[in-house]
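First comes the structure, then the notes that go with it.
The values are calculated or read from the model by the stated rules, or taken from the named source; none is laboratory data. Nothing here was measured: the structure is a model prediction, and the numbers come from that model. Glycine also receives a Cβ, built like all others from the backbone with ideal geometry; neighbour counts cover every protein chain displayed.
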Amino acid sequence: MKIRERGPRRPARVATLVAALGLFSQSLVHAQSSSPALRTRTVTVEYTATLHDLPPTTHYLDLWLPVPHNDKSQEITGVSVTSPYRYEIATGPYNNQMVHLRVAQPPAEGFTVKLQFQAVRREHLNPFLSAGRKPTKAEANDPDMARWLQPDRLVPIDAKIKTWATEVVTKAGAKTDLEKARAIYNHVVSTVQYDKTGQGWGRGDIYYACDARRGNCTDFHAIFIGYCRALGIPARFSIGFPLPAERGSGQVQGYHCWAEFYTKQTGWVPVDASEAAKNPARRQYFFGAHDENRVEFTRGRDLTLTPPQQGDPLNYFIYPYAEVDGQPFDKIDRKFTYQDKTQVP
């Protein structure tokens, strides 16, 4: 974990930051000339966090905002931060990027920090699912591969979870890791309802999801990831914001998350079980694909930030997180808006 850059010391100054990660080669995306053309989307994004009603006795405040990263499915450019206070851009576990501010004796009325950037998002298709070719060495050498086999706080890998996962793949007659992952995906999509009513949903608690059989994207993927890991199949969690399929501009009200699993035959395979449940006509598509209507911000769960927060690890990191004198502080208004790039005929 390291600090990449420091922001300006003068108040209300806007600094444009060049994304530090190198862009992945286009050849990784267009892995096979016979692959279908990938859909792309270019959007300008504004992410605003406004803190308010700070305790007047506050000695210092820490604020973290997630910053999206480059990978083979998205390019992030033109990153700028508007802040009345000095800030820094930090790198955390799993290469997650974040803005961090520490403010001594902040004003009780609060302040606003704004993150802006442009994202080119590409449809993520796994070219090896049907081609029968081996994945790249870079995928096989993922430094966090062992982590993607370990439990999360709300996704334990205990005897009961292993038994349930085994029952699913045995019933499906699945033998290979790819067949097992598909059986788990089909099971989750078929038996869990996308339903955000009541209480308990949205935390990605595998036992809640298995019992209630309903929830949002975090609950769907808690089961998928937990069952895969229980059977020795690496699986990882990503979170960001969804974009409406219709091009234009607007405000996004909430996050979206998705998953990937790894096999030696295919490399990382994208999965979106909750989108498949909401749209059964695309059930086949979302086993092996993520559409372009999203922006990824962070990866993994039970996250420690940079510099480390004093509170517990974050279940996931998509919304602003703040601490006042080392204690979590939640009086933060947030806003996420997007504008599609105008297409030139």
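One line per residue, one yes/no per condition, for (1) in contact with a Lys or Arg (Cβ under 9 Å, 6 or more places away or on another chain); (2) under 18 Å from Leu65 (Cα atoms); (3) free of Cβ contacts under 8 Å to residues at least 40 places away in the same chain:
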| position | (1), (2), (3) |
| --- | --- |
| Gly240 | yes, yes, no |
| Ala245 | no, no, no |
| Thr298 | no, yes, no |
| Arg301 | yes, yes, no |
| Pro328 | no, yes, yes |
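Tyr227 meets the conditions (1) in contact with a His (Cβ under 9 Å, 6 or more places away or on another chain); (2) within 30 Å of Val45 (Cα to Cα) in every case but one. The failed one is (2). Of the strands (runs of 3 or more DSSP E) lying entirely inside segment 300-345, those carrying at least 1 residues that are more than 23 Å from Thr57 (Cα to Cα) are 332-340.
From Ser34, Ser25, Ser80, grab the single residue that is at pLDDT 95 or above, polar (S, T, N, Q) and surrounded by fewer than 17 Cβ atoms within 10 Å (Cβ to Cβ). Answer to the check: Ser80. Note on segment 157-176: among residues that are touching a Gly at 6+ places or on another chain (Cβ under 8 Å) and assigned to a helix (DSSP H, G or I), the one that is surrounded by the most Cβ atoms within 10 Å (Cβ to Cβ) is Ala165. Looking across segment 187-201 at every residue that is touching a residue at least 60 places away in the same chain (Cβ under 8 Å) and within 26 Å of Phe128 (Cα to Cα), the one that is surrounded by the fewest Cβ atoms within 10 Å (Cβ to Cβ) is identified as Val189. Of all the residues in segment 51-74, those that are under 19 Å from Gln309 (Cα atoms) and either of a type in the set (D, E, K, R) or not in a loop (DSSP other than H, G, I, E, B) (or both) number 9.
If you go through segment 194-210 one residue at a time, do you hit one that is farther than 25 Å from Pro143 by Cβ, basic (Lys, Arg), within 19 Å of the chain's Cα centre (by Cα) and not in a helix (DSSP H, G or I)? Within segment 194-210, one or more residues are farther than 25 Å from Pro143 by Cβ, basic (Lys, Arg), within 19 Å of the chain's Cα centre (by Cα) and not in a helix (DSSP H, G or I).
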